[in-house]
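The values are calculated or read from the model by the stated rules, or taken from the named source; none is laboratory data. What you are looking at is a predicted structure, and each value in this text was computed from that prediction instead of being measured. No Cβ is skipped: glycine too gets one built from the backbone with ideal geometry, and neighbour counts run over all protein chains shown. Note: areas computed on protein heavy atoms with side chains; ligands, DNA, RNA excluded. Shrake-Rupley method; radii C 1.70, N 1.55, O 1.52, S 1.80 Å.
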Amino acid sequence: MSLLQVQQLTKSFGPVNVLKQVDFSVEPGEVHALLGVNGAGKSTLVKILSGDYEKDGGNIEVDGEEVHFSSPSEAQEKGIAIVVQEVDTGLIPNLSVAENVTLDLTVSGKNSRPISWKKRKQIAADRLEKVQTPIPLNSLVEDCTLSQKQMILLARAVASDAKIIIFDEPTAPLSDHETKQLFHVIEELKAQGIGIIYISHRMQEINRIADRMTIMRDGKAVAVYETGSVSTEEVIKTMLGKQLHKADYQHRGFSEETILKIEDLQVPDTGKQINLSVRAGEIVGVAGLVGAGKSETANAIFGVTNAKGKWSVSDRNVKIKSPRHAVNAGLSFIPEERRKSGVLIDSSVQENLSLPALQNFSTAGWINRKKEHQSALQQIQELGIITSSPKALLKHLSGGNQQKVSIGKWLNHDSSVFIFDEPTKGIDVGAKNDVFRLITHLADQGKGILYFSSEFDELLQIADRILVMADGEITDEMQNQEATEARLMTAATGGNAVETAKYQRLSAAGRS
Amino acid sequence: DQQPSSQSEEEASEETATEEATEEATEETSAEQTSQASDADIPAAVDKPLKIAAIMEFSTGTFASQYVSGLEAQVAKFGGEVQIYNANNDLSQMANHLQTAINQDVDGILIDHGRAEALNQGVEEALEKGIPVVTFDNDITVDGVTAISQDDYSLAWGTLKQLAQDIDGEGNIVYVWAGGFTPLERRNVIYEAFLEHYPNVEEIARFGSVSNNTALDSQNQMEAVLKKYPEEGSIDAVFAPYDEFAKGVTRAIQQAGRDEIKVYGIDLSDEDLQIMQAENSPWVTTAATDPAEVAGVQVRFLYQKIAGEETPSIYALDPSVVNVSDLPDESVTMADVGQHIEGWGSPNAARSPWMDALEAKNGQ
Amino acid sequence: MQLKQLNISDYPQQADRKERIVNFFMKFGTLLALGLIIVIFSLTNEQFLTYGNITDILRSISIVTLVAIGVTFSMIVGGFDLSVGSTVSLATVASGALLVWYSQELLVVLLVPLVLGALIGLINAFIVVKIRIPDLIGTLAVMYIINGVHLTYTKGYSIYGNMPMPDGSGTAPGIFIPAFQFIGQGRLFNIPFPVILMVVIVALVHLFLNYTRAGRLFYMTGGNKEAARLSGVPVNRYRTYAYVLSGVFAALAGIVLAARIGTGQVSAGDPLLMDGVAAALIGYSVFGAGKPNVIGTFIGAIIIGILLNGLTMMNVPYYAQDIIKGGILVGALALTYFRKKE
Amino acid sequence: MQLKQLNISDYPQQADRKERIVNFFMKFGTLLALGLIIVIFSLTNEQFLTYGNITDILRSISIVTLVAIGVTFSMIVGGFDLSVGSTVSLATVASGALLVWYSQELLVVLLVPLVLGALIGLINAFIVVKIRIPDLIGTLAVMYIINGVHLTYTKGYSIYGNMPMPDGSGTAPGIFIPAFQFIGQGRLFNIPFPVILMVVIVALVHLFLNYTRAGRLFYMTGGNKEAARLSGVPVNRYRTYAYVLSGVFAALAGIVLAARIGTGQVSAGDPLLMDGVAAALIGYSVFGAGKPNVIGTFIGAIIIGILLNGLTMMNVPYYAQDIIKGGILVGALALTYFRKKE
Ligand SMILES: Nc1ncnc2c1ncn2[C@@H]1O[C@H](COP(=O)(O)OP(=O)(O)OP(=O)(O)O)[C@@H](O)[C@H]1O
Ligand SMILES: Nc1ncnc2c1ncn2[C@@H]1O[C@H](COP(=O)(O)OP(=O)(O)OP(=O)(O)O)[C@@H](O)[C@H]1O
Ligand SMILES: [Mg+2]
Ligand SMILES: [Mg+2]
């Protein structure tokens, strides 16, 4: 008997059928991967399983018993826990880390018994230790980094005595090291006979950890495979419903002209100095482990944080004290946390796309709405954004499509340099391909690209030159040809010394 | 606005045509109806359920409540209906209300407080449409309007004179005051004059604010003042020219046990009487008119106007100074203050002979 | 790619019947309620739908509408301005003082209050945008301060033509000149001037917010401050503009108020805050906009104004009016907001 | 692993000097301002720090503190309750009517208003939580309704012992009995009873909010409704509780108010709304909490109360008091909120 048996599950949001008679099952002690392109319906499926959404039709059995969840607490009672995709929907930002890690204890606790914060902190510390992530217990979750937030969610799910734990893209914000920790934890859960549903866009991970996989396409479960029984190409083909044409990364030459030059940039959050330059048509990757300070550096370059330093764009010295200055100087920025800072989820696709270059759509201050609409339509086509209309609100798009909008909005703007911070996070292979194509296309037009990522394989694919960052400083630089994953890793960890230093720092911060 | 009568239709329509016509018709009607004894002289224009609008600037406090009851009572006695338009201290709202009333084709308009600049336009329009207007306590001076007032200057002077006598023209007093309200501003004029007149009276503290919770605010602030002057005899009297002020101040003094401080107020209501008559109450004197009586006079003037009678442009009600010492030991209500205070109330002001008959007719 | 099948037009047609009804109520619930109110009032009172009464209603809401437009601006950028009521009072007193105490000419009497309103907006912006005190409490503090300032300035007295000076130095030289009073009491083509002013401003603001770049950027700033900033929108500047506009519109309302009542009445603006906020909030629901918008705000003000007028005409006692007003507010909004779980 | 070295005490020491100063101001800015105010007042007036005056101040803030605690609850769950002022009025009138018109005994006089308060809370919750009308406008509508109800009920009259009945049917039979008046005016161990009541309630609510499950669920609900729901918190139930508590505390404030002034004063609660909200908002900044909390609310109420008392003692006119009040609000909060760009 399966631990979880889902049959003929359907769900629609208004006119849109998101799940079409999905069958799905999980065995005890199994890691079952869910694969599918952005918007295939993975999150919707697991949200129904975790009681977030109510199903429209079909049935769900847990341990052979038919269940119907109308709230998350009912699902939790039946032993289903979830680590949600959007971490911010799982945490209470203005409460402490300790309280968030032990949230379930509060919820399930007895009303009559007073809370002992001392005990709570101990439990929280223990739980965080289990996932090997020390985080200062008293600091507020809103001050935590994305990976820290993800680990808090992990710690909580692991500690719950659930029979089934759902991970919805857990590794997207995690470093290699943290991913390893996660896998370690998952192995332990498996050993205890817990069933795991694992959603990810990273094929290597799936191959490494999953026992079976269900592939979803367009709201249907189209195939179930044993891991290893089919090739990755086959899986991707099933996912996309067609052959993936790998983008052509053949690199073209680029000019000698330096398009972006940054000198003595004092990054406020890391306290370190950065020097770098990008040539026209060159894709410069910045590799680093999560927590290396990449986002901080990117933010500083774009003037998000008020950093001191010297910028020169296309040989013109510019002062960048705010993103506005950066935009005016010809920079574009696709930030890491798209929902928070990349897009306006309550505005329409069209309004998002036209935002940075609104002056191009207006004459004497008046917006030419027709032009705006046409341009949005065209971009939706070009970028492959799946949406019901340019007027649809962005919050109704899947994560990958939101990311495309986040990139697409800069294409109307006449920029010479594009800064990407983890642009492929949370998007499927097909979309990732689209993004890469887009980036190379930009480079071909002579734009300078600065690409921050902790996905070394991506950098090896796309970057012409790779800078390696550790602890806020650039520690190594190499041409693509010289680069290997091993060399990158060594530089990024700075040998063991840096890795150790980082942990000392973090654990010191964890004492509270 | 026609009444069913034995008159022919032509006569009836003629009657409503103009004001002068009304007067003529009145005589005719009374002549015709001699058979019905008590209705004898009731002018036709008022011998029907009239729709009266009362436009008030605000209606908080007991004075306003009793004023409204007075209006309702007198209009009801005359068989009419009064509609209260309360502007909640908002002058532009008051102007709007006046306009609404005019659009409603009411038979007469009463205005309580407000300012001429805001209301003149509406009042003129009302008069043009033949709707008579009687005002209370404001500065509207449009021709044809009767303005009655309770005379804030006399009110303030009455109570201040008593204060001066009681402290022998010398001592420290506390003043409670807030601007922005016409009656209070007028009373303040007298107060300033009073200070000049009695150079040995010294104002040692001043506070006050008007809200929906004026009494409690005054109480809290008076407590602070009492704490600042803790020695007995450091404060001789409090001048609180609004009963909500006086109530709060009285309570603060009572609760602090500082009965040597006397309170001199303005306005009177049943509740105020009760507070003043309480044992050892510091509130010893107040100057007031009877709000219900003011309302009665105002309504009667309006009915006289509707009936086409001559009314004065200005009529000032004489305020009385009520000293607790003049009242008997048992508790007294507004209804019988008149028995103890000379000149209290003016039940016969603006009373036409036919009014008794009208009241009697509608009393059944 | 998948995109080739993109078909823009078929989305709305797919909605089933029930859903369409729900959508209809969400969009038009508020308007429906307004229509119902009008029908009831005109059935119970034949004077209600007269030209005179309609223009009266519009005139009576003109001041509150101006305040509410200011409030709408601050809400669009995701802020809140509690100081508008006191700004109205200040502007009223300022124009009164200029006319009566200083016998200034019209232009000065109009300009100074507007500049004061803009200044207050700048102060609010400084406190909320620069010092980052939360808007509710920051503008509350400013409200206290402005109230204090205007009362101190007049020593608590209201200002009217040829008044005795508060400091006892004789009689004030000026009056409320007719040209000024015209703003509040005059008529053009038999339409009250404040109504014309209001309608023109509503139309202009509507065009501005929906068809200009600046208007869009106001909305974007309110939609997601961080994302807008990273797209190069100078969000703090737009938030500042919004507070300044809020102050300017409140000051304009104060000028109309002073002209309407012919007095520089202290504290006259206080009651306008609540009604202005209510109008702007009702506006959210009009046409299912779900966000602050000026047409909605206008309709919100109309609903409030009609209720007051109609209920007074129906001879509902003034305190019972509050009950009905509250009830209808809830009813109208319930139509818009109540729907099945998403 | 490394976690074994986790040591509770040394994290804060890492902050460098400048940062520590900033942190200090963020945490203690408001308290510092309070301290400064106290020092100034006690220097300028020797009577300020007497036992009698301190208890007076505390007594004068007891009512506003109770209202503010209710407001705090609604703010904790991320809501807002504009109806508290009218609830205070209703409770005041209800206890007055029960005492004076119906000569009821103490228990009834206390229970009925509290039940009414809870009912109003339920109505608010129904409107805001169930119908999903935005809180500001939903509770505003309820405010109108309650104001209308209590004014209609009393016909606008305030209620006091042995008053003539508003319908003219003779004299009311009851009075404000001493046992009831004790709640507002009595003393225990020479401490005013309302002060004791206030302090006990503040302490209880503080313990409740920080050390019980239910208290934390309130915070979770407000911190992130979605996350709380996904964690199995019945968020709508807790939002409902919060509005009910808001109503109950407002009703309690109304009872104390009636007992303090010995009258069922109509509309008496209106001015308490603003002060209650101000106190709760100031509370955000106390100890750098950044969220509503009851100790902060209490301190907020103290600041407001002390300003009124001290400035009155210094004979500052009430309108100038507003300037100072606003200025100090901004000053105190600026210390807390102004810091370098993040
Ligand atoms: N609340 C909602 N209202 C309307 N449509 C929705 C809603 N939630 C999801 N959808 C739509 O349902 C489809 C499936 O979304 P879902 O989030 O399940 O995709 P996913 O497979 O998890 O994608 P991703 O890999 O990007 O996370 C998408 O087209 C999305 O636009
Ligand atoms: N709130 C915080 N408190 C203490 N240290 C922090 C905080 N936020 C970030 N840091 C530190 O700043 C450094 C960079 O953080 P972050 O994880 O965002 O870097 P990154 O290289 O951009 O990683 P990512 O791949 O997640 O974007 C880390 O060493 C982290 O520990
Ligand atoms: Mg998903
Ligand atoms: Mg990053």
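To two decimal places, what compactness ratio does segment D:242-342 give when its Cα radius of gyration is scaled by 2.2 N^0.38 Å?
In units of the 2.2 N^0.38 Å rule of thumb, it is 1.24.
Which far-off residues, 5 or more places away or on another chain, put their amide H under 5 Å from the one on A:V290, with H placed in the peptide plane?
Distant-sequence amide H within range of A:V290: A:S175, A:D176.
Taking H as built 1.01 Å from N, whose amide H comes closer than 5 Å to the amide H of B:I111, not counting residues under 5 places away?
B:I55, B:V134, B:T135, B:F136
What average count of beta carbons from other chains do you get within 10 Å of the Cβ of residues in B:81-92?
6
How large is the translational diffusion coefficient of segment A:258-511 in µm² per second when you combine the Kirkwood radius over alpha carbon pairs with Stokes-Einstein at 10 °C and 1.306 mPa s?
Numbers: Rh = 18.8 Å.
Estimated diffusion coefficient is 84 µm²/s.
Summarise the partner chain shielding of C:213-226 as one whole number: the mean count of Cβ atoms from other chains within 10 Å of each residue's Cβ.
Values: counts 10, 5, 3, 9, 2, 0, 4, 7, 1, 3, 9, 11, 2, 8.
Across the residues of C:213-226, the mean count of other-chain Cβ atoms within 10 Å is 5.
For every helix of n ≥ 4 consecutive DSSP H residues, a contribution of -39,500 (n - 2.57) applies; sum these over chain C, divide by its total residues, and give [θ] at 222 nm rounded to the nearest 500 deg cm²/dmol.
-24000 deg cm²/dmol
For the pair C:E46 and D:V199, how long in nm is the line joining their label points, each one 7 Å along Cα→Cβ?
Those two pseudo-labels are separated by 7.0 nm.
Taking every pair of Cα atoms in chain B, average 1/r, invert it to obtain the Kirkwood radius, and report Rg/Rh to two decimals.
1.05
Where a Cα-Cα gap under 18 Å defines reach, which aspartates and glutamates qualify for A:K119, not counting those fewer than 8 residues away within the same chain?
A:K119 reaches A:E99, A:D104, A:E129.
Report the antiparallel proportion of the DSSP beta bridges in the protein assembly as shown as a percent, rounded to a multiple of 5.
Bridges in the protein assembly as shown that DSSP calls antiparallel: roughly 45 percent.
Taking 0.36 nm per residue of separation and subtracting the Cα-Cα distance, what length does fully extending A:E233 through A:R316 add?
Extra length available between A:E233 and A:R316 comes to 25.2 nm.
Give the residue from C:L43, B:L155, C:M163 lying farthest towards the positive end of the charge dipole for the protein assembly as shown; charges sit on Cβ (+1 for Lys and Arg, -1 for Asp and Glu) and the dipole is referred to the Cα centre.
So the residue furthest toward the plus end is C:L43.
Counting only complete DSSP H runs, which helices of chain D cover 30 Å or more along their long axis at the Cα atoms and score a mean Kyte-Doolittle of 0.0 or above? Could the numbers behind the result be given before it?
Numbers: long enough: D:17-44 (35 Å, 1.20); D:51-76 (34 Å, 1.37); D:235-261 (39 Å, 1.02).
Once both thresholds are applied, what remains is D:17-44, D:51-76, D:235-261.
Once amide H atoms are built 1.01 Å from N in the peptide plane, which residues 5 or more positions from A:G309, or in another chain, come under 5 Å H to H?
Result for A:G309 returns A:Q266.
Pull up the DSSP beta bridges for segment A:4-240 and report the antiparallel fraction as a percent, rounded to 5.
In segment A:4-240, approximately 55 percent of DSSP beta bridges are antiparallel ones.
Suppose the chain between A:T363 and A:K110 were pulled fully straight at 0.36 nm per residue; how much longer would it get relative to their current alpha carbon spacing?
Result for the pair: 84.7 nm of gain on full extension.
Based on the Cβ-Cβ distance from A:H396 to A:K118, what FRET efficiency comes out when R0 is 45 Å, to the nearest 0.05?
Here the calculated transfer efficiency is 0.50.
With just the Cα atoms defining each centre, how far is segment C:45-114 from segment C:132-188? Give it in Å.
After rounding, the separation between the Cα centres reads 13 Å.
Along the Cα→Cβ direction, 7 angstrom out, place labels at A:A223 and D:L106. What is the inter-label distance in nm?
Distance between the two pseudo-spin positions: 8.1 nm.
In Å, what Rg and Dmax follow from the Cα atoms of chain A?
23.3, 72
Quick one: buried accessible area between C and A, total over both chains, 1.4 angstrom probe, nearest 100 Å²?
Numbers: alone 17590 and 22690 Å², together 36980 Å².
In total, chains C and A hide about 3300 Å² from solvent.
Give me P(r) over the protein assembly as shown, computed from all C-alpha to C-alpha distances, binned every 10 Å, as integer percentages.
For the protein assembly as shown, the binned pair fractions read 1, 7, 14, 18, 18, 14, 11, 8, 5, 3, 1, 0, 0 percent.
How many nanometers, to one decimal and shortest first, lie between the label point of C:G186 and those of its other copies, if labels sit 7 Å from Cα toward Cβ?
So the label point of C:G186 gives 6.6 nm to the other copies.
Please state the Cα pair-distance histogram of segment A:4-240 with 5 angstrom bins from zero: what percent is in each bin?
Per 5 Å bin, starting at zero, the Cα-Cα P(r) for segment A:4-240 comes out as 1, 6, 14, 18, 19, 17, 12, 7, 4, 1, 0, 0 percent.
Using only the alpha-carbon atoms, how far is helix A:117-130 inclined from the longest principal axis of chain A? Give it as 0 to 90 degrees, nearest 10.
70
If R0 is 51 Å, what FRET efficiency do you get for C:V39 and B:Q277 from their C-beta distance, rounded to 0.05? Write out the running numbers ahead of the final one.
Details: r = 55 Å, r/R0 = 1.07.
E between C:V39 and B:Q277, to the nearest 0.05, is 0.40.
Considering only protein heavy atoms, what per residue accessible area in square angstrom results for chain A with a 1.4 angstrom probe? Can you show the working numbers first?
Details: 19460 Å² over 512 residues.
With the other protein chains kept in place, chain A gives 38 Å² per residue.
Set the bar at 18 Å for Cα to Cα. Now go through A:K340/A:K425; A:K42/A:K78; A:K237/A:K432 and name every pair that lies beyond it.
Over 18 Å Cα-Cα: A:K42/A:K78.
Please report, largest first and rounded to whole Å, the three semi-axes of the ellipsoid equivalent to segment B:161-318, where each semi-axis is the square root of five times an eigenvalue of the C-alpha gyration tensor.
32, 17, 14
Roughly what % of Cα-Cα distances in segment B:253-318 sit above 16 Å, to the whole percent?
Roughly 60 percent, once rounded to a whole number.
Under a plain spin-label model, where a point goes 7 Å from the Cα along Cα-to-Cβ, how far apart in nm are D:T55 and A:R212?
7.7
What number results when the radius of gyration of segment C:110-151, computed over Cα atoms, is divided by 2.2 N^0.38 Å?
So segment C:110-151 has a normalised radius of gyration of 1.18.
Would you please state the base-10 log of I(q)/I(0) at q = 0.15, 0.17 1/Å for segment D:115-266, with intensities from the Debye formula using one equal scatterer on every alpha carbon?
Values returned for q = 0.15, 0.17 Å⁻¹ are -0.95, -1.08.
Tell me, what is the FRET efficiency for B:D318 and B:D143 to the nearest 0.05, using R0 = 41 angstrom and their Cβ-Cβ distance as r?
Efficiency, from the Cβ-Cβ distance: 0.95.
May I ask for log10 I(q)/I(0) of chain C at q = 0.07 Å⁻¹, from a Debye sum over the Cα atoms as equal point scatterers with solvent left out?
Here the Debye-derived log intensity ratios amount to -0.33.
Whole number in Å², please: accessible area per residue of segment D:50-269, 1.4 Å probe, ligands, DNA and RNA not counted.
For segment D:50-269, the solvent-accessible area averages 30 Å² per residue.
Only protein chains counted, 1.4 angstrom probe. Which residues of segment B:269-290 are at least 20 Å² less accessible in the assembly than when their chain is isolated?
At a threshold of 20 Å² (probe 1.4 Å), the residues of segment B:269-290 that become less exposed are B:D270, B:E271, B:Q274.
Using a label point 7 angstrom from Cα along Cα-to-C-beta, what distances in nm, from shortest up, separate D:V200 from the other copies?
6.5
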